[in-house]
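J.: I have a structure I would like to understand better, so I am pasting it below and will then ask my questions one at a time.
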Amino acid sequence: MSRRPRRPASREAGSCTVTVCRGCCCGTGKIPGLDHPAQLAQLRGALAGQARVRATGCLDACDHANVIVVQPSAAGRAAGGHPVWLGLVNDPDAADDIVAWVRAGGPGIADPPGILDLYAFTPPRRLRRDLDSSAT
């Protein structure tokens, strides 16, 4: 039997997960002029009840600070969606684009706004594996 406490079911259970790095470079003074707490609050407020937004420690992709990973819902994964890593997310407009995409269904369900292609990057396989295993 698992020792992990069960979370109550919510409307978010079948939706995307948005992981916001707040480790050694993301969420610190490395990006001057960016209000890191406000960015996280913006995402949480805009996606409340629609997606799980979680802050995590360092994702080890510091060259791309600030990093946000959008993981597909179960339906998105079934449709072939994979986690999408977005780097250099350093302005409110980028966060708004992420919100719009997640509200539309996210990876596997909806195409991201074209501008997010500029933020997307492929992290090393080890990082992708570690994030996928922590999401379960």
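The values are calculated or read from the model by the stated rules, or taken from the named source; none is laboratory data. Please read these numbers as outputs of a predicted model, since none were measured by experiment. Using ideal geometry, Cβ is built from the backbone for each residue, glycine included, and neighbour counts are taken over all protein chains shown.
J.: In the range 66-73, is there at least one residue being over 13 Å from the mean Cα position of the chain (by Cα) and not aromatic (Phe, Trp, Tyr)?
T.: Here is the first cut: in the range 66-73, the residues over 13 Å from the mean Cα position of the chain (by Cα) are none.
Scanning the range 66-73, I find no residue that is over 13 Å from the mean Cα position of the chain (by Cα) and not aromatic (Phe, Trp, Tyr), so the answer is no.
J.: Of the residues 29, 80, which is exposed (fewer than 12 other Cβ atoms within 10 Å of the Cβ), more than 13 Å from residue 99 (Cα to Cα) and either modelled with pLDDT under 90 or of a type in the set (D, E, K, R) (or both)?
T.: When all the criteria are applied, what remains is 29.
J.: Scan the range 45-94 for residues that are under 21 Å from residue 109 (Cα atoms) and free of Cβ contacts under 8 Å to residues at least 12 places away in the same chain and jot them down.
T.: 48
J.: From 43, 88, 34, 59, which residue is in a loop (DSSP other than H, G, I, E, B) and either in contact with a Cys (Cβ under 9 Å, 6 or more places away or on another chain) or modelled with pLDDT of 95 or more (or both)?
T.: Just one listed residue meets the conditions, 59.
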